[in-house]
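Down below is the structure, laid out as structure tokens.
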Amino acid sequence: MKIPVRVAANPYDVVVARGARHDIPALITQRAPRARQVVVLVDEAISSQPWFDIEGVIIPINGGESSKSLAYVEQVANDLSRTGVTRQDILVAVGGGATTDFVGLLGALYQRGMPVINVPTTVAGMSDAAIGGKTGVNIAAGKNLLGTFTQPAGVICDLDTLSTLPPRDAVAGEAEMVKCWLISQRPTSDYLTADFETRLEHAISLKAQIVAADEREGSTRALLNYGHTLAHAIEAQFFDGDDAPRHGEAVAVGLVFADMLAASLGRCDVSRVASTREVLRQLGLPVSLPAQLDLEETVSFMRRDKKAHGGLTFVLTGDHGCEVVAGIDDALVRGCLDTFMEESR
Ligand SMILES: NC(=O)c1ccc[n+]([C@@H]2O[C@H](COP(=O)([O-])OP(=O)(O)OC[C@H]3O[C@@H](n4cnc5c(N)ncnc54)[C@H](O)[C@@H]3O)[C@@H](O)[C@H]2O)c1
Ligand SMILES: [Zn+2]
């Protein structure tokens, strides 16, 4: 399956198939015909997996959230310079969302910009992170606060790579796919009966369509932040801890909360909250607030959210589907959080 991402400057395809990694050399010939070197930056945790046979100069890098720092970008840029790679060459990023976010930023900055092919190896990466051109690393003040909009030269989703993904990460990645399903106003019961490839294809197609219409998140792209206002606040509180939730786990809780808020504003029926919660629960995702969450801190973080313009901002469902709703009353949000926390105990 090949899904086009029709961004204005450099359109590209997302290829999804078993064994798709074998298409990488042909894609390189097409996208970087003058390349003399291919540098493969791979999450070191997966470089010894049996499916990892991608050819090029291999640079294993740290994976996961802790690798997403500007200091580490500088360190790996020095490793890159030792390969003698130039702007005509190409980078291949192999790993989860943390790796494609990190390599995306490295590629955007190194010698003022090199092409990067993303080879996502997690469900979150294939359905979301590797597509759309957002690159970034974290700073103490928050996640992804340093980054660029730089589209990849192509995205290769090889389903074979998912064979080694830990179940917790596979399940966490489904949250973004459920998010897309709900944005498209599809019934949640159909999600559970659809096969994995159908769910993935739907998520990629929706994201491709939204990104093509609004590459730099001036309007509709913000819909993809459904569930993310609370998710980011949860992640910020558990950022460095061992008990840090996966991004998708935080998104699952955030989706339930967004629907609770929508119901309390009269934008949807409470049955919507129940069906969202149920599909996420059946997939094995968390649907309640972490008991240790500091609610005061949560509200103040959400008020500072980089996506918020004018008070608390959420993507909420309603009669016309999902919409960005700004300026929601603090007390209402706090009340909903209190209710959610009571239900969660
Ligand atoms: N740029 C975007 O638009 C965007 C969108 C959503 C999420 N993100 C970012 O993506 C990250 C989350 O993505 P993620 O869940 O893929 O995280 P991740 O990259 O940290 O991967 C999760 C874990 O799975 C391991 N792993 C990866 N592929 C594997 C495989 N095939 N087999 C075995 N283990 C494997 C990794 O080593 C890691 O421990 C966050 O940093 C988030 O901010 C970015
Ligand atoms: Zn997300």
Within the range 239-261, of all residues that are at pLDDT below 95 and within 13 Å of ligand 1 (Cβ to nearest atom), the one most open to solvent (accessible area, probe 1.4 Å) is Arg246
Arg216 passes all but one of the listed conditions (1) closer than 19 Å to Gly133 by Cβ; (2) outside the structural domain of Ala291 (by TED's automatic domain parsing); the exception is number (2)
Report yes if Ile139 is in the same structural domain as Val42 (by TED's automatic domain parsing), of a type in the set (Val, Ile, Thr), more than 9 Å from ligand 1 (Cβ to nearest atom) and open to solvent by 30 Å² or more (accessible area, probe 1.4 Å), otherwise no. yes
Return only the number of the condition from (1) of a type in the set (Asp, Glu); (2) without any contact (Cβ under 8 Å) to a residue 60 or more places away in the chain; (3) touching a strand residue (DSSP E or B) at 6+ places or on another chain (Cβ under 9 Å); (4) open to solvent by 70 Å² or more (accessible area, probe 1.4 Å) that Asp23 does not satisfy. (2)
Go over the candidates Glu201, Glu176 one by one and state the one that is of a type in the set (D, E, K, R) and either over 21 Å from Gly63 (Cα atoms) or away from ligand 1 (no atom under 14 Å from the Cβ) (or both). Glu201
Given the condition within 16 Å of ligand 1 (Cβ to nearest atom), closer than 17 Å to Trp181 by Cα, small (Gly, Ala, Ser) and out of contact with any Lys or Arg (no Cβ under 7 Å at 6 or more places or on another chain), answer yes or no: does some residue in the range 273-281 qualify? no
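The values are calculated or read from the model by the stated rules, or taken from the named source; none is laboratory data. This is a predicted model, so every value here is computed, not measured. Because the Cβ atoms are built from the backbone with ideal geometry, glycine has one as well, and the counts that use them run over all protein chains shown. The accessibility values were calculated without ligands, DNA or RNA, using every heavy atom of the protein model including side chains. Shrake-Rupley method; radii C 1.70, N 1.55, O 1.52, S 1.80 Å.
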